[in-house]
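Asks: Right, I'll just put the structure down here and ask away after.
The values are calculated or read from the model by the stated rules, or taken from the named source; none is laboratory data. From a predicted model like this one, the values you see are computed outputs, not experimental measurements. No Cβ is skipped: glycine too gets one built from the backbone with ideal geometry, and neighbour counts run over all protein chains shown.
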Amino acid sequence: MAKSILVGKKPTNYEVEILDKPISKRNISLAIKPYNKILIVSDDGIPKKYLLEIKKLIPSSKTVHVYILPAGEKSKSIKSFNLILENLASLKFDRTDCLIALGGGMVGDITGFVASTYLRGIDFIQIPTTLLSQVDSSVGGKTAINIAQGKNLVGAFYNPKKVLISLDYLKTLSDKEYKSGLGEVIKYAFILNKKLHKILKSNTGLVLSRDLKILEEIVYESIKTKAKIVTQDEKENGVRALLNFGHTFGHAIEAKNNYKGISHGEAVVLGMVIASEISYLENYINEKDLDEIKHLITSLGLNPNFKKYTYAELKPYLMNDKKVSKGKLNLILLNKVGNAFKTNEFNNLNLLKAFKK
Ligand SMILES: NC(=O)c1ccc[n+]([C@@H]2O[C@H](COP(=O)([O-])OP(=O)(O)OC[C@H]3O[C@@H](n4cnc5c(N)ncnc54)[C@H](O)[C@@H]3O)[C@@H](O)[C@H]2O)c1
């Protein structure tokens with residue numbers, strides 16, 4: 001059965017629909033009803049049948065165009081941004097038309113950014129096809145591209161008109177990409193959602209086998225948590241910082257590896273364990289909590305061991321992070337499993353100790 005969550009504040013709020021079957025003609029027709037021309041942006045790593053299916057479902061009264069990017073983070077660039085804009089202009093797209101992002105977070109981020117700028121903003125719809133994009137990047141209105149100086153440095157807050165999620169897409173996702181998304185699911189459980197924590201803990205086998213019923217529950221609970229936070233704080237001025245749990249260290253680990261070999265989710269998982277170790281050393285959580293955190297991560301097939309990294313080698317990346325104010329790191333720590341908070345008042349020695357323990 002389909003589930004639905006409303007995200008954001010009026011007048012730019014939007015519905016996220018979660019389907020346990022492939023997207024239907026009715027789903028698409030309703031979503032694109034107001035528009036004349038449609039440009040579907042996707043990438044060449046996504047099974048071709050998904051694009052063909054969506055194209056087939058679009059009523060013949062609409063004109064459909066397609067723009068395929070090479071798969072991978074490199075495509076989230078000024079160059080691709082420019083090419084998609086020029087394509088829209090030469091196809092004479094106007095504000096009665098719309099974009100569909102069919103793909104993972106890379107496609108969603110760049111398509112959203114194009115939509116936010118073309119003609120000072122045209123509508124776009126997200127059809128996320130990776131677990132990470134379903135539970136995280138398609139919800140919350142952050143759009144972006146990368147420049148040489150850093151990832152996601154150029155972008156806009158711009159909400160989609162609709163997010164259509166089919167769990168069916170997750171069947172073809174590689175193990176690495178699936179686990180990357182699981183990292184973010186685990187994050188929601190640790191920072192806010194005790195129900196999700198329980199579901200994950202009692203169903204590790206079903207989560208790993210991508211059981212449809214469990215997927216529906218974990219995707220729904222994850223989006224509910226993200227929706228709650230981003231609706232309260234659309235422009236990242238406050239509570240949205242909690243979503244960065246594990247990300248300060250995770251980003252440093254990704255950068256240290258030149259974004260190769262380790263997925264975003266795998267790095268965030270290591271970051272969450274580091275932040276949990278510090279939470280323990282600061283006496284916010286006890287040893288049992290810390291063990292439980294590591295146990296859940298391990299039982300979901302992810303690696304909690306960050307010991308191959310030293311504080312000294314991550315430090316330069318940490319200090320570049322936007323989570324630094326007045327020379328001190330802002331950290332998201334846990335005061336229990338299922339409850340996170342932001343602080344820069346912690347003993348720096350505990351930061352060092354976490355890496356030596
Ligand atoms: N906007 C936000 O709030 C936000 C949040 C988190 C991450 N992000 C961004 O998201 C991006 C990462 O997203 P991602 O992890 O989805 O990676 P991705 O979009 O690069 O997709 C990963 C790979 O999976 C393939 N793929 C996609 N769907 C598939 C499917 N159903 N079956 C088989 N293969 C499929 C893609 O072709 C690609 O090769 C990064 O650019 C990151 O900055 C944005």
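Asks: Would you check if there is a residue in segment 47-69 being within 28 Å of residue 259 (Cβ to Cβ), more than 10 Å from the ligand (Cβ to nearest atom), in contact with a strand residue (DSSP E or B) (Cβ under 6 Å, 6 or more places away or on another chain) and in contact (Cβ under 8 Å) with a residue 40 or more places away in the chain?
Replies: Yes; the residues of segment 47-69 include at least one that is within 28 Å of residue 259 (Cβ to Cβ), more than 10 Å from the ligand (Cβ to nearest atom), in contact with a strand residue (DSSP E or B) (Cβ under 6 Å, 6 or more places away or on another chain) and in contact (Cβ under 8 Å) with a residue 40 or more places away in the chain.
Asks: Does segment 145-168 hold any residues that are buried (at least 21 other Cβ atoms within 10 Å of the Cβ), within 22 Å of residue 93 (Cβ to Cβ) and within 11 Å of the ligand (Cβ to nearest atom), and which are they?
Replies: 145, 160, listed by residue number.
Asks: Return the residue satisfying two criteria in turn: it lies in segment 67-77 and is surrounded by fewer than 16 Cβ atoms within 10 Å (Cβ to Cβ) and not small (Gly, Ala, Ser), and of such residues it is nearest to the chain's Cα centre (by Cα). Let's see the steps before the verdict.
Replies: First, pick out the residues of segment 67-77 that are surrounded by fewer than 16 Cβ atoms within 10 Å (Cβ to Cβ): 70, 72-74.
Still in the running and not small (Gly, Ala, Ser): 70, 73-74.
Working: 70: 20, 73: 14, 74: 17 Å.
By that ranking, first place goes to 73.
Asks: Restricting attention to segment 1-15, which residues are in a loop (DSSP other than H, G, I, E, B) and either farther than 19 Å from residue 137 by Cα or of a type in the set (A, V, I, L, M, F, W, C) (or both)? Break it down stepwise before answering.
Replies: As a first pass, look at segment 1-15 and keep what is in a loop (DSSP other than H, G, I, E, B): 1-2, 8-13.
Passing the criteria: 1, 2, 10, 11.
Asks: Moving on. If you take just the helices (runs of 4 or more DSSP H) that sit entirely in segment 163-228, which of them hold at least 1 residues that are in contact (Cβ under 8 Å) with a residue 12 or more places away in the chain and either under 30 Å from residue 98 (Cα atoms) or of a type in the set (S, T, N, Q) (or both)? Outline the logic, then answer.
Replies: Details: elements: 175-191, 194-202, 204-208.
Because the criterion is at least 1 residues that are in contact (Cβ under 8 Å) with a residue 12 or more places away in the chain and either under 30 Å from residue 98 (Cα atoms) or of a type in the set (S, T, N, Q) (or both), the helices (runs of 4 or more DSSP H) in segment 163-228 that meet it are 175-191, 204-208.
Asks: Show the residue pairs that are 6+ apart or on different chains and have beta-carbon atoms under 6 Å apart, the first residue being within segment 277-303 and within 16 Å of residue 333 (Cα to Cα), the second being at pLDDT below 95 and of a type in the set (Phe, Trp, Tyr).
Replies: Here the result reads 282/346, each pair linking segment 277-303 to a residue that is at pLDDT below 95 and of a type in the set (Phe, Trp, Tyr).
Asks: For segment 300-347, which positions are under 16 Å from residue 284 (Cβ atoms), touching a strand residue (DSSP E or B) at 6+ places or on another chain (Cβ under 7 Å) and hydrophobic (A, V, I, L, M, F, W, C)?
Replies: 331, 332, 333, 334, 340, 341, 346
Asks: Would you mind finding the one in 143, 96, 111 that is more than 13 Å from the chain's Cα centre (by Cα), among the hydroxyl-bearing types (Ser, Thr, Tyr) and either within 30 Å of residue 220 (Cβ to Cβ) or outside the structural domain of residue 17 (by TED's automatic domain parsing) (or both)? Talk me through it step by step, then tell me what you get.
Replies: Working: 143 fails: more than 13 Å from the chain's Cα centre (by Cα); 96 fails: either within 30 Å of residue 220 (Cβ to Cβ) or outside the structural domain of residue 17 (by TED's automatic domain parsing) (or both).
Within the list 143, 96, 111, the selection yields 111.
Asks: Considering only residues that are among the hydrophobic types (A, V, I, L, M, F, W, C) and near the ligand (Cβ under 8 Å from one of its atoms), look in segment 132-144 and name the one that is farthest from residue 74 (Cα to Cα). Spell out how you get there, then give the answer.
Replies: Here is the first cut: in segment 132-144, the ones among the hydrophobic types (A, V, I, L, M, F, W, C) are 132, 135, 139, 144.
The next check asks that each one be near the ligand (Cβ under 8 Å from one of its atoms); those that pass are 132, 139, 144.
Numbers: 132: 18, 139: 22, 144: 13 Å.
Per the stated criteria, the residue is 139.
Asks: I'm trying to understand the selection: among the residues of segment 230-253, which are under 20 Å from residue 135 (Cα atoms) and surrounded by 22 or more Cβ atoms within 10 Å (Cβ to Cβ)? Before the answer, list the steps.
Replies: First, the residues of segment 230-253 that are under 20 Å from residue 135 (Cα atoms): 230-236, 239-248, 250-251.
Correct list: 230, 243, 244, 245, 246, 247, 248, 250, 251.
Asks: Could you run through segment 229-248 and say how many residues are outside any loop (DSSP other than H, G, I, E, B) and out of contact with any strand residue (DSSP E or B) (no Cβ under 9 Å at 6 or more places or on another chain)? Give the steps one after another, and end with the answer.
Replies: Taking segment 229-248 as the starting set, the residues that turn out to be outside any loop (DSSP other than H, G, I, E, B) are 229-232, 239-244, 247-248.
Retained after the next criterion (residues that are out of contact with any strand residue (DSSP E or B) (no Cβ under 9 Å at 6 or more places or on another chain)): 229, 232, 240.
The qualifying residues number 3.
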